[in-house]
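Here's the structure we're looking at; comments come further down.
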Amino acid sequence: MKYYLDITLLPDAETNLGFLWHKVYQQIHIMLVEHKISDKDSEIALSFPKYRHLGSSDKGSKVFPLGNKLRMFAQTYEKLDGLKIAQWLNRLDDYVHIKAIKEVPNDVKEYAYFKRKNFKSPAKLIKEIDSRAAKIAAKNGFDLVKVKERLMESITKLEERSTLPYINLRSLSSDKLLSAEDRKKFLLFIECEIVTQPLNQIGLFTCHGLSRRSEEDQSAVPWFEG
């Protein structure tokens, strides 16, 4: 990736960063879908320069783990310029600052893989408990009722399922006849891995602007200050 631009989110007393990330990222996602080069591939990559992983000691912290900056990458100036990002974010004009497109520094020494991480919710685990209990009981000769009780105990004892940063989004794949507000909500958990020698810097990304998870398909972006 040779060119980038930064979008700074500008919260105020009434609009917090979490809400802004939802609004900005939803628009960016729609934009990437509109400009995808195949069914599920984007040439545009996203990065979070102020990303931080929250540990257990950070519980209750008011610091938003994705920070307030979104960075977009492309192989050419024209690809970034052609997105007309300001038009996609025009309704959020008071809450974002879009900087000029720049060349990626020549002295980059680190690269980042930003990937989506999926978690099963306790509600989904409870829905599957009967089939899971039946399989475990049948395979091991255990009492079905006791297996189900054990599974339920493990589910109810689940603590916070992840300390990874996340963004609240609405699914674009939900029923297209539904309004944006009625479409399915989900949490986009984002994990980050910093490396010095990436396997692939010029690959394709998902329509969330993230790397794919498999080693052969993953793609890194330059990681630098600024």
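The values are calculated or read from the model by the stated rules, or taken from the named source; none is laboratory data. Fair warning: this is a prediction, and the values are worked out from it, not measured in the lab. Cβ atoms come from the backbone with ideal geometry, glycine included; neighbour counts cover every protein chain shown. Accessible surface is based on the protein model in full, side chains and every heavy atom, while ligands, DNA and RNA are left aside. Shrake-Rupley method; radii C 1.70, N 1.55, O 1.52, S 1.80 Å.
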Q | Most to least packed among 136-146, 216-226 [average Cβ atoms within 10 Å] | A | 216-226, 136-146
Q) Of all accessible surface on segment 1-150 at a 1.4 Å probe, what whole percent is carbon and sulfur? A) 49
**Q.** Extended-chain gain in nm, criterion 0.36 nm per residue less alpha-carbon gap, ARG132 and ASP94
**A.** 8.7 nm
Q) How do the peptides 37-46, 1-10 rank, highest first, by the average count of neighbouring beta carbon atoms within 10 Å per residue? A) 1-10, 37-46
Q. Taking square-rooted eigenvalues a ≥ b ≥ c of the alpha carbon gyration tensor, is segment 70-122 rounded, prolate or oblate, where a/c under 1.5 means rounded and, failing that, a/b exceeding b/c means prolate?
A. oblate
Q: Quote the charge dipole size of segment 1-149 about the Cα centre in Debye, to the nearest 20; the model charges only the Cβ of Lys and Arg (+1) and of Asp and Glu (-1).
A: 720
Q. For ARG52 and TYR77, what does the FRET efficiency come to when R0 = 30 Å and r is the distance between their Cβ atoms, rounded to the nearest 0.05?
A. 0.50
Q. When you count, for each residue, the other Cβ atoms within 10 Å and take the mean per peptide, how do 11-20, 27-36 rank with the highest first?
A. 27-36, 11-20
**Q.** Set of segment 184-226 residues, backbone N closer than 18 Å to the point 7 Å along the Cα-Cβ line of PHE119
**A.** 185-193
Q: Pull out a ≥ b ≥ c, the square roots of the eigenvalues of the alpha-carbon gyration tensor of segment 1-102, then state rounded if a/c is under 1.5, prolate if not and a/b is larger than b/c, and oblate in the remaining case.
A: prolate
Q. How far, in nm, would the chain grow between HIS22 and LEU144 when pulled straight, counting 0.36 nm per residue and subtracting the alpha carbon separation?
A. 39.6 nm
